[in-house]
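For reference, the structure is listed below as structure tokens.
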Amino acid sequence: MSKEKKYDLLGFGEAMIRFTAPDHARLEQCSHLHIAIAAAELNVSVNVSRLGLKTAWVSKLVDIWSGNTLLIKAASMVWICRKLSFFLLMEKEL
């Protein structure tokens, strides 16, 4: 009995928003911050899928602006990779 696997790699992990001061300035010297995504498991899933394997990333996101930002970034990576799936659990705001 042969059982075909659905994914070659399944990543579980959190993703977060990183705020960075421009030009390595101190926070008290800044009037604005750069926003970046920090998600090691998502990065691994993306890069492994670029090698031709089928991968997926599973995470839980809050249902506010930060969760939506992460969702958009993950969705853009899916369009780039074509072999990456992602499954997110959204938490409703109380």
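Here are the numbers for the structure shown:
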item: Selection status of ALA15, modelled with pLDDT of 85 or more and surrounded by 14 or more Cβ atoms within 10 Å (Cβ to Cβ); result: yes
item: Flag if ALA36 is at pLDDT below 85 and loosely packed, with under 13 Cβ neighbours inside 10 Å; result: no
item: Matching residues, region 21-33, being of a type outside the set (D, E, K, R) and either within 14 Å of LEU70 (Cβ to Cβ) or loosely packed, with under 13 Cβ neighbours inside 10 Å (or both); result: PRO22, HIS24, ALA25, LEU27, GLN29, SER31, HIS32
item: Qualifying residues in region 47-80 (those that are in contact with a Gly (Cβ under 9 Å, 6 or more places away or on another chain) and among the aliphatic types (A, V, I, L, M)) - the one modelled with the lowest pLDDT; result: LEU61
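So that you can scan it fast, the table gives a plain yes or no per residue for (1) among the aliphatic types (A, V, I, L, M); (2) under 17 Å from MET77 (Cα atoms):
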| site | (1), (2) |
| --- | --- |
| LYS5 | no, no |
| LEU9 | yes, yes |
| ARG18 | no, no |
| ASN47 | no, yes |
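The values are calculated or read from the model by the stated rules, or taken from the named source; none is laboratory data. Note that the structure is a prediction, hence the values are computed from the model and not measured. Here the Cβ is made from the backbone with ideal geometry for all residues, glycine too, and neighbour counts use every protein chain on show.
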